[in-house]
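Below: one structure, written as structure tokens.
The values are calculated or read from the model by the stated rules, or taken from the named source; none is laboratory data. The structure displayed is predicted, hence computed values, not measured ones. Cβ placement follows ideal geometry from the backbone for every residue including glycine, while neighbour counts extend to all protein chains displayed. Protein only, heavy atoms only, side chains kept; ligands, DNA and RNA dropped before computing areas. Shrake-Rupley method; radii C 1.70, N 1.55, O 1.52, S 1.80 Å.
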Amino acid sequence: MVVFWLVLILFRRLYVKLIEYYLMKLNLEKIPPVKTSSWRMIDRQLDEGIPFEWHHHKEYELTLTLNSRGQRYIGDHMGQYEDEDLVLMGPNLPHTWHSSSKVNNKLPHRAIVMWFTREWAENMFSALPELQVIDELFKRASRGVLFSSKTVKALRSSILALSNQTEANKTINLISILQELNMDTQFSTLASPIYTNQTINPSEHIRIDRVLEYIHCQYHQKLKIDELANLAALSHSGFYRMFLRYTYHKPSDYIIRLRIGKACALLIESHKPIGTISDEAGFCSLANFNRQFKSIKRVTPSEFRRNYSSVARAE
């Protein structure tokens, strides 16, 4: 009988390790190298939308998102993005975009993504010391850098042109683009300072990734902390501490921010009544929705819709 239980315990541990390994493979993204280039680029075009795919990787990532609106998640940052969204992220900074609509319905959501390693940057600085100034840009990238609209408009055509260039010209022009980005004085940093010296705990990444994937699919439903704690295979208090440490938000606050983000998208993209939007975003009452919305956005839902419409008309 003792042998039976020992075998059962060992089997269970092995099963848990296999599940964790599988989940890690899903969320710790491996960027395959290209034999003819020292860095990698893809032009991702999606007709149905950009899905929530919370992940991290060892490479720097520069992403230009076009013809798309939705929410952007960088570390503990949650924000809305519009057409011509350009962000640089440092290694192991968890991130994703999640689209809600297109700008032009006849065209796909588009993301031009460029990856390069720290070693790539150091080799460049070693060979060309005059480019060492760009390292300031890479240091800021540990928290995610959102570039100004003026800079993005100036560089959009240069980034789009990379796809049709030879590998040598691509690299020369990428360095030129990074140099221009480093001179942007109107950039915004996105994640909290904690990400500046972030250490990656693989076990926690597996747990939090699993929970965040679930929350982003079910945030409009009633979610219980015990349910999320079970999903993370932690006690109630253990889950609460991990979630707060990782996202810098209480689970309930994080869910509310997701709901407010969805409500903002609906206010911008539709003419639905405020009460309908409140229900679709997952709020239990219109009064609670109005209170939470004003607390986060500093304006009422009606004022938000009116202000956005005024800006759109002015453009």
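Structure values in brief
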quantity	calculated
Qualifying residues in the stretch 30-50 (those that are more than 15 Å from residue 112 (Cα to Cα) and either of a type in the set (Gly, Ala, Ser) or at pLDDT 85 or above (or both)) - the one most open to solvent (accessible area, probe 1.4 Å)	48
Hey, residue 239 in a helix (DSSP H, G or I) and closer than 25 Å to residue 192 by Cβ or not	yes
Test: residue in the stretch 208-223 that is surrounded by fewer than 16 Cβ atoms within 10 Å (Cβ to Cβ), of a type in the set (Asp, Glu) and closer than 23 Å to residue 98 by Cβ	no
Selection from the stretch 120-152 of residues that are under 30 Å from residue 217 (Cα atoms), open to solvent by less than 20 Å² (accessible area, probe 1.4 Å) and either polar (S, T, N, Q) or in contact (Cβ under 8 Å) with a residue 60 or more places away in the chain (or both)	141, 144, 147
Scan of the stretch 99-119 for residues that are crowded, with 17+ Cβ neighbours inside 10 Å, over 18 Å from residue 42 (Cα atoms) and in contact (Cβ under 8 Å) with a residue 60 or more places away in the chain, ordered by number	100
Criterion: hydrophobic (A, V, I, L, M, F, W, C), in contact (Cβ under 8 Å) with a residue 40 or more places away in the chain and farther than 30 Å from residue 303 by Cβ - qualifying residue of 206, 255	206
Criterion (surrounded by 13 or more Cβ atoms within 10 Å (Cβ to Cβ) and either in a helix (DSSP H, G or I) or touching a Lys or Arg at 6+ places or on another chain (Cβ under 8 Å) (or both)) met by exactly one of 172, 177	177
Breaking point among (1) out of contact with any Lys or Arg (no Cβ under 7 Å at 6 or more places or on another chain); (2) not in a helix (DSSP H, G or I); (3) not charged (D, E, K, R), for residue 191	(1)
Enumerated strands (runs of 3 or more DSSP E) restricted to the stretch 69-165, each holding at least 2 residues that are aliphatic (A, V, I, L, M)	85-89, 109-116
Restricting the stretch 71-97 to residues that are touching a helix residue (DSSP H, G or I) at 6+ places or on another chain (Cβ under 7 Å) and over 21 Å from residue 194 (Cα atoms), the residue that is most open to solvent (accessible area, probe 1.4 Å)	80
Answer residue from the stretch 51-68, given it is part of a loop (DSSP other than H, G, I, E, B) and acidic (Asp, Glu) and is surrounded by the most Cβ atoms within 10 Å (Cβ to Cβ) among those	59
Qualifying residue in the stretch 191-207 (condition: within 26 Å of residue 111 (Cβ to Cβ) and among the charged types (D, E, K, R))	no
Meets criteria (open to solvent by less than 30 Å² (accessible area, probe 1.4 Å), over 22 Å from residue 76 (Cβ atoms) and not in a helix (DSSP H, G or I)) for residue 283	yes
